[in-house]
1. Which of the numbered conditions does A:MET61 fail, given that it passes all the others? Conditions: (1) more than 13 Å from every other protein chain (Cβ to nearest Cβ); (2) among the aliphatic types (A, V, I, L, M); (3) closer than 24 Å to B:CYS483 by Cβ.
2. Hey, can you tell me all the residues within segment B:777-815 that are more than 22 Å from B:ALA765 (Cα to Cα) and surrounded by fewer than 20 Cβ atoms within 10 Å (Cβ to Cβ)?
3. Against the condition closer than 25 Å to A:ASP366 by Cα, under 15 Å from the mean Cα position of the chain (by Cα) and modelled with pLDDT of 95 or more, how does A:ALA223 come out, does it pass?
4. Quick one: is A:GLN174 within 17 Å of the chain's Cα centre (by Cα) and either closer than 24 Å to A:GLY355 by Cβ or assigned by TED's automatic domain parsing to the domain that holds A:ALA298 (or both)?
5. Just to confirm my filter: which helices (runs of 4 or more DSSP H) fall fully inside segment B:937-1022 and include at least 2 residues that are modelled with pLDDT of 75 or more, over 27 Å from the mean Cα position of the chain (by Cα) and assigned by TED's automatic domain parsing to the domain that holds B:ARG927?
6. Restricting attention to segment A:278-295, which residues are part of a loop (DSSP other than H, G, I, E, B) and of a type outside the set (Ser, Thr, Tyr)?
7. Could you please find all residues in segment A:340-357 being in contact with a Leu (Cβ under 8 Å, 6 or more places away or on another chain) and surrounded by fewer than 23 Cβ atoms within 10 Å (Cβ to Cβ)?
8. If you take the residues in segment B:241-283 that are at pLDDT 95 or above and assigned to a strand (DSSP E or B), which one is farthest from the other protein chains (Cβ to nearest Cβ)?
Amino acid sequence: MSEPTPGYVLLEDGSRFDGMLCGNTGGGTGEVVFNTSMTGYQEAVTDPSYAGQIITFTYTMIGNYGVSAAAMESDGPHARGVIMREGRNNADAASAEGGWLDWLQANGVWAITGVNTRALVRHIRDKGAMRGGIFPDSIPTGEALGMIENEPSMAGSDFASQVSPETPIEHAGQGPHVVALDTGIKASIVNQFLERDCRVTLLPCLTGASDVMAREPDLIFLANGPGDPAAVSAVTDTIRELIGEKPMVGICLGHQLLSRAVGLETFKLPFGHRGSNHPVKDLETGVIEITSQNHGFAVVGPDGAGTIETDEPVRWQTSHGEAVLSHINLYDRTVEGLRLPDAKAMTVQHHPEAGPGPRDARHLFDRFLDLAKEG
Amino acid sequence: MPRRDDIKRIMVIGSGPVVIGQAAEFDYSGVQACKVLLEEGYEVVLVNSNPATIMTDPEFATRTYVEPLLPAPVAAIIEKERPDALLPTLGGQTALNLAMDLSANGTLEKYGVELIGANREAIIRGEDREVFRQVMTEAGIRIPWSITVESVDQALKELDEGDASLPAIIRPAFTMGGQGGGVAETRDELVEVVAKGIAASPIGQVLVEESVIGWGEFELEVMRDRNDNVVIICSIENVDPMGVHTGDSITVAPAQSLTDPVYQSLRDMAIAVIREVGVETGGSNVQFAVNPADGEIVVIEMNPRVSRSSALASKATGFPIAKMAAKLAVGYALEEIPNDITRATPASFEPTIDYVVTKIPRFAFEKFPGADEKLSTYMQSVGEVMSIGRTFRESFAKALASRELDSRPEVPDSDQELLNAIATPTPGRIDLVLAAFERGLTVEQVHEKTFIDPWFLRELELLAAEGDGTGGLERIYNSVDTCAAEFEAATPYYYSSHEPEGSPSEIRRGDGKSVVILGAGPNRIGQGIEFDYCCVHAAMTARECGRDAVMINCNPETVSTDYDTSDRLYFEPLTLEHVLAVCEKEQPEGVIVMFGGQTPLKLAEGLKEAGIPLLGTPVEAIDAAEDRGKFGALIDRLGIKPPPYGTALSAAEAEEIASGIGYPLLVRPSFVLGGRAMEICYSADDLKGYLERHVKASPEHPLLLDRFLENAIEVDVDAICDGDEVFVAGIMQHVEEAGVHSGDSACVIPPMSIGQEMIDEIKEATAAIALELGVVGLINIQYAVAAGELYVIEANPRASRTVPFVSKAIGIPLAKVATRIMLGQKIADQDLPEFRGEHVSVKEAVLPFSRFQGADSVLGPEMKSTGEVIGIGPDFPTAFGKAQAAAGVALPESGTVFVSVTDTDKAAATQLAAQLHDLGFEILATRGTAQAISRMGTPVKAINKLAEGSPHVVDMIEQRHCDLVINTPTGSGARADGYEIRSAAIRHGIPSVTTLTGASAAVRAMAARANGYGEVKSLQELHAR
């Protein structure tokens, strides 16, 4: 861990928040978002869905229990930077294989500590997620602002194809064959399928429909991933071709892409949902589950509205039959899940695999596999 | 399907007097529940015996009963009020146990009362250790194994068969506080400790339990609704690992050292526990131990009710658990209730916080000389502080400052001694740990001795080395919002933190005038819930008077730190620095320092110097009342006399002063250590002996000599003065002998044996003193009446401990009236009728001796009680009997009464003995008393005085051959006996009375009770006008 150097967070609207750099001392930009989870910092940073983003942790003590291989959600970090109130480098925990700050530095992740993260979060909450960067004091604000302006906006950005594997990855199993279009899948999702003894194949997300079918899937899985769903139209086209061929499920970006494939729209949330405490109501059972969330876009509901006021399983027409609202977010009443009976598909916006976050919704993987059994 | 319409009237049971382990947090939860139920349109029947609670204020229930929390009186209330339901989960263990008793004895069934919140089966599953074990085991949740063993061979057999393993804890059955137990790490130690434990156990039985000492200790606060939705409100991690009761542990929220997967496992298990136990709606607390080496988790226990931890969790997160529990109990689901703080999101979520909360317990060992300060698995702390900071260090430093400690532990000289000292958990251990780091000892060294998680130790090391990390930063105020700023907060609940310059504060202060009320800080003996009660009343009244009420306090257990109580709550240490910082933001019309006991009073001078306006009685008046010389001169001017007194700087001077004052004398050093060196001297010889044995009077250590007024009646008066007029609200006559701290004495309103002339004299003296001091607000004056003469003992121009009791007894909220006066109103503007109630109210103190091993159970000038109860009845005996019962020392229904009285009391005592005999009691008496009784034809058995050797009276008490002690002492020898007898009685929970007034009241109370419990009346009925 290098000596801390003074630095700052700058947002595209000119708001500046001072702190001390505790990783690389160059300077980096991305979309500045916040995550309200109190645990799971390493899982978040290695979640490919954070590609192109800088994560502000609202919890103040980050790094408490170090880092470990078990907490990796992918091969390495995908978030570009982390903004903390009090970063820690402890490695005393029995499970720790190293210190968090050391790991960030070794992996080239921008890190800044001592920032009034609450003020930053309140700013983003009121003004919306925006581009920004982490800079050393040696870079003047004006220059930093220029760097931020060169950063493309998240709306319209395709990060999914950047985090997708170049070649297929196969995991053995005796059960149903889950073939995923890997737009940045989390290890926890793969593990949930593997725990259910599935055979899992992860395909580059630009794999064509016929190649997907050639893998003889029992279930086509549409993964989570980063960026604007509208910017990965090639994947959406593939999905549209696959609809009806095999049962299909999606999580997060996968949910958005399938929705787009059946003609539904997506829109950018003001500051997204990132955390482990969002209540989601399962409209099929009435049960409220506390969920892990990480998304900046959402699917538009019936009548073009972003929110739905009823707790009924609302139905509306898509290009591929009816969409049935299966899950709703009780915080802002946005769409959290759909069933598309005609397309033999179901999707959820949140992360039932947890990792990090509550495991209330893990049973959805059983529901996914039930769908696979129906063929 | 919200609110239940099939129930209309709900009984809520409070937790009774404040005792160790059950304090103000249950007033907080009960008040929330009552408010919610009334808002929802239900009729609330409240029962609680503690007058110093906000919940027993008449406006918080439809019917308020201050009756003993025992099956008979509560059954009488149920019979009268016919509630449809009983909510037992908000009044601590007391309410839960009482509800179980009422269920078991058929009362609930007889009157068709439904238990809501938790049913009988769930309570049993949660509370019965064996049932709980079975339920958990069936659910696949591990709890530490434990085996009952009656021989060493059996213990070894269990070990060999794998049912037991090492290390193990051995607890002898039926010994106090685990005496004779220990930890066995090897087979040899197991043999040794089990043998020792079996010998120590009166039934030759020990419990061999899995040792999880040194494991991390965690708690999760869980809520469940009728739709089976479960949420975790807060995780709490104990800094002190397993082995120290969680109430005595320093704790932080959220959990710091857990990885996400381990935390999620705890979460899953907590949810499984509440479901398996079957708490249908409401809050529970689940406690875990986690092995730091491998993450193995065991469940220690669960409470199927709101608890001290849930009060802490509510304050820590802003999520009002008790309020929600009450709503869930009457049918709402979490998703149907809006989050109180954001108002825009539902309560069916899990709070997330962006700060660190620290709780540090406050102990009172200094009050109990001789008590072992080692912390263990039973709770010994009397209060706690909570603090909020953005970082661990900031939070922790604030909590340390909030403690208001009088002294810090001594730090041993050598490193080795210091390390040895921290190996034992004690109240001062944390200070020693910090001292160890200041001295350069390492995290590894400290961890090896304390097992405190290295994460905490590294932070503490940093705290010792670099301070709290706020240097160069600016103090700002953030809100507590349940959501880490994800949503806008509507509730003004603030804490200070330090951030880079230019950071915004979140205080939303309109243009209204504000009044800052300083709270009482951590509960401690002598400064308890009574003062919080007054602060809450001040806040309510400031609002009524059109001001913004601003509360500053750091005690998480209280109603004052409920964000609903004031317009703005600052959860801050009560130090001059923090209070001034709030005043700078608030620019208040004034600060009220008179209601929070000594804590805010200590700040008065500093606030005044800083130019902050103080409301009410000026600082000078406080000084004039506290300074012995100034006050002496003042009452002299008024022609009111104190008991003769003097201050000696040498032994010779002491003897000279003594002969001037006359005997008996109360002698004590001016610097009193726990009242230990205080004695009553009856003669010059006594004094000589005292001077030889104890203190050498010297200029550095002056000796105070006061005339001890024998056979005096002590009187406490609470009054309100507006500068021109005085309202004497309550004249309380003490039931017990003089020389005992007024806080530990029973007292009665109206006075029982003071004539009208003397009452008028007391009123006049009170008015004269209050006006002369310049009091604007409350004043408490203590008097003694001896041989028809009135003596003033002391005056305190501030809210006293008895304000809530007097308010409940007379039906006038004194603190509210006083606040109005402090805000400029006059007594003439108030509606203050002369008290004409026909009822009698008795206050009794509740003592904690059984908690402290090795402590002298002796009452004296140092206050030792933790709480109080009220008994109200149509006459003194009934009220006295109720107060005794409520205090937990129920007068016996049959058995043996020990009588030993002074010569002047013998005639009256023989009559009492005859009455007792008629009631079916056996009489036991010391020789002189026995002769007098026997002469009147009442059968009596004589027994030795202490000095006459065994078997003497104390032996009888120790062996529990005695059920009531009547002992009026006089003369030095008898007095010493009296202390021994009283100590033994207290130790064994045997009621003892030391005045004839008390004795006759007790006997009449026992006679009255023989005729049934009698009529119960609500405060609303008693004070109907």
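1. (1)
2. B:GLY811
3. Answer is yes for this residue.
4. no
5. Qualifying helices (runs of 4 or more DSSP H): B:953-958.
6. If the condition is that a residue be part of a loop (DSSP other than H, G, I, E, B) and of a type outside the set (Ser, Thr, Tyr), then A:LEU283, A:GLU284, A:GLY286, A:VAL287 are the ones that fit.
7. A:LYS344
8. Ranking the qualifying residues of segment B:241-283, first place goes to B:THR251.
The values are calculated or read from the model by the stated rules, or taken from the named source; none is laboratory data. Computed from a predicted model, the values in this text were never measured in an experiment. Positions of Cβ are backbone-derived with ideal geometry, glycine not excepted, and every protein chain shown enters the neighbour counts.
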